[in-house]
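Participant: My structure is below; once you've seen it, I'll send some questions.
The values are calculated or read from the model by the stated rules, or taken from the named source; none is laboratory data. Owing to the predicted nature of the structure, the values given are computational and were not obtained by experimental measurement. Cβ sites come from the backbone with ideal geometry, for glycine too, and all protein chains shown count toward neighbours.
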Amino acid sequence: MSRLPPALLSPWIPSLLAAGIAVAAVVSGLDAPLVEDSLFWWVPKALLAMEQGPAATYAHTLPDAVTAGLTPETTPPQWAGGLPDYAHPTLWYLWLAGWLSVGQTVQVVHLACIVPAVLAALGFVEVGGRLGNRWAGLAPLAMPPVLAQMLRPELDLPLLAIVPWALLAILDGRWRAFAVLGFLAPWMKEPGVLLVVPAVLRTIRERRARPEALAPLAGLAAWALMHGGLAQPERLPVNLMEWLQRDLWLALRIVFVEQGRWLLLLAIPLTWRRWRRGTAAGITGGLVITWVLFFATVGFFATRGATDLHTHIRYFLPGMALAGVLLGVRAPWLALPGLVWLHAASAFGPEASRHGTDAARAERAAAPWIEDRVTSGDAVWVGSYQAAGLTQPWAGIVDAPLAGFRMYAMDTAPEQIAVGDIVVVAAYGEPAGRLERGLRWEPMESWAVREAAVHAYRVTGRREAARGAPPANPPSPGPVPPARPPAD
């Protein structure tokens, strides 16, 4: 660090740069449409909070702002029974509700994300300072999942904002501050309770009992009493070997290998001595390990083996970001290659990068064409993910609700779609493989934003099932549950 220009040695430069990156990350995507869980659950819950006021649960019904754009034919199965109760704390919904009371637009939703995004970025820099290099705090801001989360108004964003500051209170021995932040962390999202681990590690090093160290447990218990229960794990390991070979390995791969993050592992020899001797490094590393082990256990990829395989990569973000700070203490520039994957499609779903946002922008580009076709009398089929965006102006895809299209979901049989109909296949959401196997179609139009594309096809006929093969279109087993519901 002594070789850097004097201006760059100022402790304020990394903080200013981090805050600027966070603001730019949000402002550059103010018009980015909402996708996935933000679209289906979290913003609708905020709209319900705006309509109903403070409450312990926002579920079992849909807000008026959502139902206003729906018809029976365009109501996605995810909203058929109202908003589900996932037992998550409501502070984030109330925060969004305050902003939405100003205006129900996607720009307002994103503006609500600036404060937690900046707090997270500044917190990482401060943690880097305690570890010996404030510039290391910029490493998470080169990680595609972190930058993607800043445009996703989900509970994981405020959790990402509070975790580094609670950790700082532990590292500094400010136990009163930690008691407040540790109590509040599970009220952002339940995994905030994992902060109890570094707090206990600090008390062990001090050889002194600190009741404040248990504040995260108290916060979680208070929420459980208020709500009447906690969110349940999506899936638990079947046995130890499966956990080691599949669950733990995949968790380690996501945090330490994917999108060039393996480059940060090259810094381990440079920082090993500091880790062994440093209290701050040991406590930070303890939280990283706890985060990885926890989410490798509770089954963050509950839909593994299903048609719509997606992981919840955002669950790992606090641990992933702090790992980046810890590994970047001696060589923070090793995180920069991660930006190559900022818009790249990922096997781990649209949360892994801004590919999900690009997919939604492609949907927005397709919306006028879909409207023209519907108006001209064509039968246009879109997936339920895309259908939700087409009916909700606050989602950022249309200015007014679109009706008249037809909707397919995971249980839609190819026989339901007639020859001559149009099928629109988006870059994420329900896979159209079942329809593709059962129908013959030809391309009509496509809309692409970087690697994400939406395609429109005209159905020209049907495919016959191969002799001796099981039917391509088995009868539906019954109602389809909400797609990929979060559980933590």
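Participant: In the stretch 428-437, is there at least one residue being out of contact with any Ser or Thr (no Cβ under 8 Å at 6 or more places or on another chain), buried (at least 20 other Cβ atoms within 10 Å of the Cβ) and either modelled with pLDDT of 95 or more or outside any loop (DSSP other than H, G, I, E, B) (or both)?
Facilitator: There is no residue in the stretch 428-437 that is out of contact with any Ser or Thr (no Cβ under 8 Å at 6 or more places or on another chain), buried (at least 20 other Cβ atoms within 10 Å of the Cβ) and either modelled with pLDDT of 95 or more or outside any loop (DSSP other than H, G, I, E, B) (or both).
Participant: Every residue in the stretch 81-113 that is closer than 16 Å to residue 392 by Cα, touching a residue at least 12 places away in the same chain (Cβ under 8 Å) and in a loop (DSSP other than H, G, I, E, B), please.
Facilitator: Hits for the stretch 81-113 are 82, 83, 104, 105.
Participant: Looking at 193, 197, 180, 163, which is the one that is of a type in the set (A, V, I, L, M), farther than 18 Å from residue 335 by Cα and within 17 Å of the chain's Cα centre (by Cα)? Show your work before the answer.
Facilitator: Working: 193 fails: within 17 Å of the chain's Cα centre (by Cα); 197 fails: within 17 Å of the chain's Cα centre (by Cα); 180 fails: within 17 Å of the chain's Cα centre (by Cα).
Going through 193, 197, 180, 163 in turn, just one is of a type in the set (A, V, I, L, M), farther than 18 Å from residue 335 by Cα and within 17 Å of the chain's Cα centre (by Cα): 163.
Participant: Same structure again: Kindly indicate whether any position in the stretch 178-186 is at pLDDT 95 or above, surrounded by fewer than 24 Cβ atoms within 10 Å (Cβ to Cβ), within 30 Å of residue 344 (Cβ to Cβ) and touching a Gly at 6+ places or on another chain (Cβ under 9 Å).
Facilitator: Checked against the condition, which is being at pLDDT 95 or above, surrounded by fewer than 24 Cβ atoms within 10 Å (Cβ to Cβ), within 30 Å of residue 344 (Cβ to Cβ) and touching a Gly at 6+ places or on another chain (Cβ under 9 Å), the stretch 178-186 yields no hits at all.
Participant: From the set of residues in the stretch 323-347 that are within 23 Å of the chain's Cα centre (by Cα) and not in a helix (DSSP H, G or I), which is surrounded by the most Cβ atoms within 10 Å (Cβ to Cβ)? Working first, answer last.
Facilitator: Of the residues in the stretch 323-347, the ones within 23 Å of the chain's Cα centre (by Cα) are 323-326, 335-347.
Those left that are additionally not in a helix (DSSP H, G or I): 342-347.
On the way: 342: 17, 343: 18, 344: 15, 345: 19, 346: 21, 347: 9.
Residue satisfying both the conditions and the ranking: 346.
Participant: Take the conditions exposed (fewer than 14 other Cβ atoms within 10 Å of the Cβ) and either outside the structural domain of residue 399 (by TED's automatic domain parsing) or modelled with pLDDT of 95 or more (or both) and apply them to residue 78. Does it pass? Spell out the reasoning first.
Facilitator: Working: exposed (fewer than 14 other Cβ atoms within 10 Å of the Cβ): no; either outside the structural domain of residue 399 (by TED's automatic domain parsing) or modelled with pLDDT of 95 or more (or both): yes.
Spelling it out, it is not the case that residue 78 is exposed (fewer than 14 other Cβ atoms within 10 Å of the Cβ) and either outside the structural domain of residue 399 (by TED's automatic domain parsing) or modelled with pLDDT of 95 or more (or both).
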